[in-house]
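See below for the structure under consideration.
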Amino acid sequence: MKFSVDKHEKYVTLELKEPKFTNDNAPGLKSELYLLNAEGFKNIIVDLSYVKECNDAQDLSCLLVGDRLCKSANGLFIVTGINNEIAPIIELSNIFQSVTFVNTLEEATDFIFMDELEKEFRGGTK
């Protein structure tokens, strides 16, 4: 599985660099989400801009794992880079009811920084 990881102070971005989201690379993505969470990252952005094909909604279930890990750490899990080719399978899977999807990486980082500011303002965890 080809991917890149870009670590920042408040979040990490995982960019899947595969043209297809399949049952071959979904377990690798899931493992990487566990590793990033174990490293202490509670805010994770998954960028699927490279992905042009996903034929099985079941493969998307690894995204639910990332969402659960981040929520249990009082963080955010955001998916970005969804294109017209894979949007229908995401809609069919109903995963959007649990996972936060935004259009761009910039929106995702803004979302995280706003959430972190709100937590600090309310006296929550930093």
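The values are calculated or read from the model by the stated rules, or taken from the named source; none is laboratory data. All figures in this text were calculated on a predicted structure; none of them were measured in a lab. Note that each Cβ is placed from the backbone with ideal geometry, even for glycine, and that neighbours are counted across all protein chains shown. Side chains included, ligands, DNA and RNA excluded: accessible areas come from the protein's heavy atoms. Shrake-Rupley method; radii C 1.70, N 1.55, O 1.52, S 1.80 Å.
Among the listed residues T100, T80, T109, which satisfies the condition of being touching a residue at least 40 places away in the same chain (Cβ under 8 Å) and hydroxyl-bearing (S, T, Y)?
Values: T100 fails: touching a residue at least 40 places away in the same chain (Cβ under 8 Å); T80 fails: touching a residue at least 40 places away in the same chain (Cβ under 8 Å).
From the options T100, T80, T109, the qualifying one is T109.
State which residue is surrounded by the most Cβ atoms within 10 Å (Cβ to Cβ) when the search covers only segment 98-109 and only residues that are farther than 15 Å from C62 by Cα and β-branched (V, I, T). Talk me through it step by step, then tell me what you get.
So the first thing to find is which residues in segment 98-109 are farther than 15 Å from C62 by Cα, and the list is 102-109.
Subsequent filtering for residues that are β-branched (V, I, T) retains 102, 104, 109.
Details: V102: 17, T104: 12, T109: 19.
The extreme case among them is T109.
Quick check: anything in segment 65-74 within 13 Å of L14 (Cα to Cα) and buried (at least 20 other Cβ atoms within 10 Å of the Cβ)? Within segment 65-74, one or more residues are within 13 Å of L14 (Cα to Cα) and buried (at least 20 other Cβ atoms within 10 Å of the Cβ).
Given the criteria in contact with a strand residue (DSSP E or B) (Cβ under 6 Å, 6 or more places away or on another chain), among the aromatic types (F, W, Y) and surrounded by 13 or more Cβ atoms within 10 Å (Cβ to Cβ), does F21 qualify?
Details: in contact with a strand residue (DSSP E or B) (Cβ under 6 Å, 6 or more places away or on another chain): no; among the aromatic types (F, W, Y): yes; surrounded by 13 or more Cβ atoms within 10 Å (Cβ to Cβ): yes.
Against the criterion (in contact with a strand residue (DSSP E or B) (Cβ under 6 Å, 6 or more places away or on another chain), among the aromatic types (F, W, Y) and surrounded by 13 or more Cβ atoms within 10 Å (Cβ to Cβ)), F21 does not qualify.
Looking at I112, I95, I82, I89, which one is more than 15 Å from the chain's Cα centre (by Cα) and either open to solvent by less than 60 Å² (accessible area, probe 1.4 Å) or of a type in the set (G, A, S) (or both)? Reasoning before the result, please.
Values: I112 fails: more than 15 Å from the chain's Cα centre (by Cα); I95 fails: more than 15 Å from the chain's Cα centre (by Cα); I82 fails: more than 15 Å from the chain's Cα centre (by Cα).
Of the residues listed, the single one that is more than 15 Å from the chain's Cα centre (by Cα) and either open to solvent by less than 60 Å² (accessible area, probe 1.4 Å) or of a type in the set (G, A, S) (or both) is I89.
This table checks each residue for (1) within 13 Å of C70 (Cβ to Cβ); (2) among the β-branched types (V, I, T); (3) within 14 Å of the chain's Cα centre (by Cα).
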residue	(1), (2), (3)
H8	no, no, no
E32	no, no, yes
N43	yes, no, yes
E53	no, no, no
